[in-house]
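Visitor: Dropping a structure here in structure tokens format, bear with me for questions.
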């Protein structure tokens with residue numbers, strides 16, 4: 001249990017020590033954060049409109065009707081997915097929501113009004129509504145045929161991806177990947193790019209509750225691209241300890257959805273490992289660290305290594321069997 | 001010392017410095033300024049003040065008052081009197097005398113003391129006959145007086161009827177007591193009633209009943225006397241109480257036919273004097289008014305605060321000197337207790353790992369429990385949260401915007417508080433005067449969080465967090481309700497510095513919260529095995 005940390009440790013030694021308030025504020029504002037990500041060329045869903053005043057609703061709605069695409073309405077400052085609305089199409093008089101439901105146009109206006117009045121962002125009455133294009137997320141990332149979008153959470157410490165977890169939707173969570181809502185958290189061994197098992201509703205589980213597929217030992221496609229993307233986020237929003245949420249678009253590949261300045265610790269349970277092990281190991285020697293790893297470890301059963309991610313192709317070519325020390 | 005690494009070095013040093021400063025201040029107060037810890041022992045008692053107002057026009061004035069007696073069951077301490085323009089003396093019979101020559105205008109006499117009394121029961125011996133010889137020192141308790149007409153034929157006849165020859169002393173006392181208690185109607189009249197007229201009318205005031213009882217005993221040759229006293233209740237009043245004492249062997253046994261205490265004296269009876277004399281005697285032709293002010297004190301917080309009013313280190317002395325601004329000691333105590341309650345919250349959040357709604361909400365709820373009392377407060381808490389959440393649900397259906405919706409919920413919170421309070425008073429649960437201070441705005445936010453949690457999470461989660469909030473509030477209430485805590489903080493407000501030190505330590509501690517061992521158990525457990533193999 002040496003490496004397992006609690007909220008106290010996270011708040012004091014990670015968030016308070018490594019994250020500058022200015023950048024926390026940026027991460028907490030999805031609109032602002034996105035501007036920074038785009039400036040560094042990081043793939044993220046296209047913004048269709050930003051509404052700061054009720055009067056902007058009409059022109060934004062016209063834009064949505066013209067675009068003829070699915071879109072997502074998000075409060076800029078909400079946490080835990082509060083107030084997020086998924087829509088598949090905007091028509092002149094009504095909005096088609098995900099799941100065959102339809103709202104009259106003014107209903108959407110009311111939802112945006114609730115966002116602007118701060119209902120989803122406690123203590124921050126001035127909020128903005130961010131409307132972005134709905135991407136086409138991969139429902140078969142990590143496991144096959146899941147009832148919703150899979151998302152990947154990567155913990156980045158001072159520019160280095162140290163831990164990752166895939167969040168799988170369930171029928172119980174009504175297609176949401178949020179662990180709080182009932183999603184499954186699946187730990188990922190970064191060296192082997194394979195899953196190691198998971199948790200569901202704070203309990204360890206070995207199989208997906210709906211599909212019955214085994215959670216451990218599955219390859220995670222595009223993991224390297226995701227980790228690179230996550231590490232790149234550090235250049236855009238330099239938070240020493242951050243969580244990057246990534247969705248995988250079927251055509252365009254991994255995209256950053258959100259940057260979190262206070263990522264939670266459930267990732268430890270999903271990986272069955274303490275975060276501290278990964279943080280302490282070779283904080284600076286990014287490259288050396290990788291070359292010291294043995295790439296030949298069998299998937300999912302490697303010796304407990306001191307964190308880090310799997311070697312890139314460049315390093316895989318290095319002479320096999322070279323043991324550290 | 002592995003666990004020490006979870007604390008911050010700087011913060012620990014800072015905390016040690018603050019603690020040393022606190023200890024130094026307390027040491028200075030105790031050693032140099034003479035604070036004694038014995039003063040801090042919590043005691044139950046009553047702080048009683050007798051306030052007399054005298055108005056004179058150039059006469060010589062004298063006021064005589066029967067002061068509380070000292071006995072084994074009744075300890076009178078810190079007797080103080082304040083009366084400018086008067087000369088004060090106290091007699092060996094504990095009569096206080098205030099005298100002044102050629103007094104003019106209005107003057108006030110304040111006499112105060114702290115009384116600690118005990119309840120006593122007096123077992124009466126069985127089978128003992130009424131004594132025929134009465135020792136000479138008790139002879140005067142057999143004599144008739146103007147109002148206790150024990151030699152009057154009607155009284156003598158009644159005494160014979162109640163106490164026929166051959167009856168035991170215990171039966172005699174019991175019969176007479178029963179007759180006076182139930183045979184006579186109680187009449188709350190002022191003014192003197194004598195024994196004979198009480199017997200003839202079949203109804204009497206407190207004094208009349210007791211005069212009759214004393215007369216009956218005396219007529220039968222049993223020494224008896226009146227006892228005058230004060231009923232100690234949290235009030236201001238002008239009336240005193242009377243009861244009877246009858247001699248059994250060489251013990252005076254109290255009997256109160258009005259309130260039904262047979263051979264016992266309850267804790268809240270303060271004995272002022274023996275005999276049938278009035279409580280006050282004053283010069284004629286002066287304006288005279290008086291009032292007893294009685295305050296029950298579970299502890300000596302008032303004293304703890306006031307012991308060193310002149311001490312510049314006693315911050316509270318400045319507050320008490322501001323009494324004319326109606327800053328009550330109670331309010332000061334409440335304010336002093338808020339940081340202590342907040343420390344309880346920070347401990348429970350950061351060490352135990354239970355997360356209630358809101359940051360300091362449980363601390364404030366606990367403070368308001370002190371106003372309302374724990375049970376009424378608990379009922380209020382749940383009623384308010386449930387009612388307002390029900391309202392909140394329907395308002396969300398109406399699709400109102402955030403702040404106006406919360407305002408409506410707040411209005412309902414106030415209304416349901418009144419409802420509970422009225423119901424409480426009607427059912428005699430409690431005089432819920434403190435309800436006004438119940439943190440309404442905070443409960444409104446609780447209701448909002450509750451509602452939102454049910455909508456976004458689940459009912460179970462919402463109920464769990466409301467219960468956690470209540471439990472944490474109860475824990476805070478328990479800590480700040482402890483007499484020792486209140487007393488020590490009242491006497492040494494410097495301890496708020498220690499409160500800072502505690503939070504410096506708590507704030508630098510980065511160990512696992514207790515609940516996190518459960519939350520992250522799969523990581524904790526999985527790690528335990530290979531760590532040995534490494």
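Each value in this text was obtained by applying a stated rule to the coordinates, not by laboratory testing. This structure is a prediction, so every number in the text was calculated from the model and none was measured. Neighbour counts run over all protein chains shown; Cβ positions are idealised from the backbone, glycine included.
Visitor: Calculate the FRET efficiency for residue B:478 and residue B:351 from the Cβ-Cβ distance with a Förster distance of 22 Å, rounded to the nearest 0.05. List each step's numbers first, then the result.
Guide: On the way: r = 17 Å, r/R0 = 0.76.
According to the calculation, E is roughly 0.85.
Visitor: What would the Debye equation give as log₁₀ I(q)/I(0) for chain B at q = 0.06, 0.08 Å⁻¹, counting only Cα atoms as equal point scatterers?
Guide: -0.49, -0.77
Visitor: Angle between the Cα long axis of helix B:402-426 and the longest principal axis of chain B, 0 to 90 degrees, nearest 10?
Guide: For B:402-426 against chain B, the angle is about 20 degrees.
Visitor: Also, quick follow-up: Which three extents, in whole angstrom, do the alpha-carbon atoms of segment B:347-491 cover along their principal axes, largest first?
Guide: Taking the Cα atoms of segment B:347-491, the three principal extents are 53, 42, 23 Å.
Visitor: Same structure again: Residues in segment B:47-70, backbone N under 11 Å from the label point at residue B:239 (7 Å along the Cα-to-beta-carbon vector): list them, ranges by number please.
Guide: none
Visitor: Tell me, how many Å apart are the Cα centres for segment A:152-220 and for segment B:483-499?
Guide: 50
Visitor: Need one value for A:156-162: mean number of C-beta atoms belonging to other chains within 10 Å of its residues' C-beta atoms.
Guide: Details: counts 0, 0, 0, 0, 0, 0, 0.
For peptide A:156-162, the averaged partner shielding equals 0.
Visitor: Per-residue counts of other Cβ atoms within 10 Å, averaged by peptide: what ranking do you get for B:244-250, B:116-122, highest first? Before the final figure, lay out the partial values.
Guide: On the way: B:244-250: 19.1, B:116-122: 15.4.
My ranking of the peptides, most packed first, is B:244-250, B:116-122.
Visitor: Given N residues in segment B:447-526, what is Rg(Cα) / (2.2 N^0.38 Å)? It would help to have the intermediate numbers written out before the result.
Guide: Numbers: Rg = 18.1 Å, N = 80, 2.2 N^0.38 = 11.6 Å.
Segment B:447-526 yields a ratio of 1.55.
Visitor: Roughly how crowded by other chains is peptide B:349-361, in terms of the mean Cβ count from those chains within 10 Å of each of its Cβ atoms? Could you put the intermediate results ahead of the total?
Guide: Values: counts 2, 4, 1, 0, 3, 0, 1, 0, 0, 0, 0, 0, 0.
Average neighbour count from other chains, rounded to a whole number: 1.
Visitor: Also, I was wondering about something else. Based on alpha-carbon centroids, what's the gap between segment A:1-45 and segment B:387-403 in Å, whole number please?
Guide: So the separation of the two Cα centres works out to 34 Å.
Visitor: Please compute the modelled spin-label separation between residue B:288 and residue B:122, points set 7 Å along Cα→Cβ, answer in nm with one decimal.
Guide: That separation, rounded to one decimal, is 3.0 nm.
Visitor: Taking the Cα atoms of segment A:1-95, report the difference between the largest and smallest coordinate on each principal axis, in whole Å and largest first.
Guide: Sorted from largest, the Cα extents of segment A:1-95 read 58, 28, 26 Å.
Visitor: Same structure again: In whole Å, what are the extents of segment B:169-306 along the principal axes defined by its C-alpha atoms, from largest to smallest?
Guide: Largest to smallest, the principal-axis extents are 53, 39, 26 Å.
Visitor: What is segment A:149-197 by shape, rounded, prolate or oblate, if you read a ≥ b ≥ c off the alpha carbon gyration tensor as root eigenvalues and call it rounded for a/c under 1.5, prolate for a/b larger than b/c, and oblate otherwise? Mind dumping the intermediate values first?
Guide: Working: a/c = 3.26, a/b = 1.88, b/c = 1.73.
The shape class here is prolate.
Visitor: So how tilted is helix B:361-372 from the main axis of chain B? Cα-based, degrees 0 to 90, rounded to 10.
Guide: Taking Cα atoms only, the helix is inclined about 10 degrees.
Visitor: Subtracting the Cα-Cα distance from 0.36 nm times the residue separation, let me have the gained length for residue B:457 to residue B:53 in nm, one decimal. Intermediate results must be reported in sequence, preceding the final value.
Guide: Numbers: separation 404, 0.36 × 404 = 145.44 nm, distance 6.67 nm.
Extending this stretch completely gives an extra 138.8 nm.
Visitor: Using only the alpha-carbon atoms, how far is helix B:521-533 inclined from the longest principal axis of chain B? Give it as 0 to 90 degrees, nearest 10.
Guide: 60
Visitor: Can I ask one more? At 222 nm, what value in deg cm²/dmol follows for the protein assembly as shown if DSSP H runs of at least 4 each add -39500 (n - 2.57) and the sum is divided by all its residues, to the nearest 500? Don't jump to the answer; show the numbers that get you there.
Guide: Details: 26 runs with 312 residues, N = 859.
It lands at -11500 deg cm²/dmol.
Visitor: Starting from the 7 Å offset along Cα-to-Cβ, what nm value, one decimal, do you get for the label separation of residue B:136 and residue B:12?
Guide: Distance between the two pseudo-spin positions: 8.2 nm.
Visitor: Stick to the Cα atoms of segment A:46-133, pair each with every other, and give me the Kirkwood hydrodynamic radius in Å at one decimal.
Guide: Numbers: mean 1/r = 0.0785 Å⁻¹.
Across segment A:46-133, the inverse of the average 1/r is 12.7 Å.
Visitor: Let me see the P(r) profile for the protein assembly as shown: every Cα-Cα distance counted, bins of 20 Å, each bin given as a percent of all pairs.
Guide: Bin by bin from 0 Å, the calculated values are 12, 30, 25, 16, 13, 4, 0.
Visitor: Something else: Is segment B:48-116 rounded, prolate or oblate when judged by the Cα gyration tensor, a ≥ b ≥ c being the square roots of its eigenvalues, rounded requiring a/c under 1.5 and prolate requiring a/b larger than b/c? Display every interim value, and only then the final one.
Guide: Values: a/c = 3.27, a/b = 2.12, b/c = 1.54.
In terms of gyration-tensor shape, prolate.
Visitor: Set the Förster distance to 22 Å, then compute FRET efficiency between residue B:471 and residue B:517 from the Cβ-Cβ distance, nearest 0.05. Provide the component values of the computation, followed by the final result.
Guide: Working: r = 19 Å, r/R0 = 0.87.
Working from the Cβ atoms, E equals 0.70.
Visitor: For residue A:47 and residue A:205, what is the calculated FRET efficiency with R₀ set at 30 Å and r taken between the beta-carbons, to the nearest 0.05?
Guide: Numbers: r = 37 Å, r/R0 = 1.24.
Plugging the Cβ-Cβ distance into 1/(1 + (r/R0)^6) gives 0.20.
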